[in-house]
Amino acid sequence: MKRFFTLTAAAAVFPGLALAHPGHEAGQFMGGLSHPIGGADHLLAMVALGLLAAQIGGRMLWALPAAFVTAMIAGGLLGWAGLPFAGVEPMILASVVILGALVAMAMRLPMAVLVPGVAIFGFAHGWAHGAEGPVQGLIPYAVGFATATMALHLLGIGIGRLLQRGALLRGIGGGTVLAGLALAVAG
């Protein structure tokens, strides 16, 4: 109980820590690599996408991560170029909650719905990476954040395949929803 109150107090005093992550200051590959891993919002969404892809299987196993990463790179370029994107943080938090909910409910939406939806989420994550990225050294930074994103998708796929659509996998999806809601409240 003491630990709960300590964490609650820390979240209340330092809510920005929930969405803060490293990688913006470095203009090279390692800065881009650390960016998605260092932010809970990005980390949760990318692993949840891998879980969802594994849970559904078939063509979704590669189509969902490919749509996310492709749109993320496009969004990253537009964010880096300074194009506005109103509501990017709420969109990123929505991706955590929605992807987690899809896993928790073992939803099997049609590919024509999921792929564009995932692409929109990928675009938002990419825009944030690009907007927060370096002025110099964009290419190594972009390769870094794309590599980290693919690794997180693969981690989610691996966990999803290991758990084989069971109750634990759905529980992880539910936990992702709760974490996303906590980030929304903290931010």
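By average Cβ neighbour count within 10 Å, what is the ranking of 139-151, 64-76, 99-111 from highest down?
Ranked by mean Cβ neighbours within 10 Å, highest first: 64-76, 139-151, 99-111.
Would you calculate, for the chain, the mean residue ellipticity at 222 nm contributed by helices, counting each DSSP H stretch of 4 or more residues as -39,500 (n - 2.57) and dividing by all residues, to the nearest 500?
It comes out at -26000 deg cm²/dmol, rounded to the nearest 500.
Please give the length that would be gained between MET105 and ALA74 if that part of the chain were fully extended, namely 0.36 nm times their separation in residues minus their C-alpha to C-alpha distance (nm, one decimal).
8.2 nm
What residue among LEU43, ILE139, ALA106 has its Cα farthest toward the positive end of the dipole of segment 2-186, where the charges are +1 on Lys, Arg and -1 on Asp, Glu, each on the Cβ?
Working it through, the farthest residue towards the positive pole turns out to be ALA106.
VAL103: net charge of surrounding residues, Cβ under 12 Å, Lys/Arg +1, Asp/Glu -1, itself excluded?
+3
Measure off 7 Å from each Cα along the Cα-to-Cβ vector at VAL143 and ALA86, then give the distance between these two points in nanometres to one decimal.
Placing both labels 7 Å along Cα→Cβ, they lie 3.8 nm apart.
If the only charges are +1 at each Lys and Arg Cβ and -1 at each Asp and Glu Cβ, what is the size of the charge dipole of segment 2-186 around the Cα centre, to the nearest 20 debye?
680
Sort 33-45, 80-92, 117-129 for me by packing, meaning the mean count of neighbouring Cβ atoms within 10 Å per residue, highest on top.
117-129, 33-45, 80-92
To the nearest µm²/s, what D does Stokes-Einstein give for the chain at 20 °C and 1.002 mPa s, using the Kirkwood radius over alpha carbon pairs as Rh?
This corresponds to a translational diffusion coefficient of 130 µm²/s.
Only the coordinates and a few stated rules stand behind these numbers; no lab work does. What you see is a predicted model; the values in this text were computed from it and never measured. With ideal geometry, Cβ positions are generated from the backbone for all residues, glycine too; neighbour counts draw on all protein chains shown.
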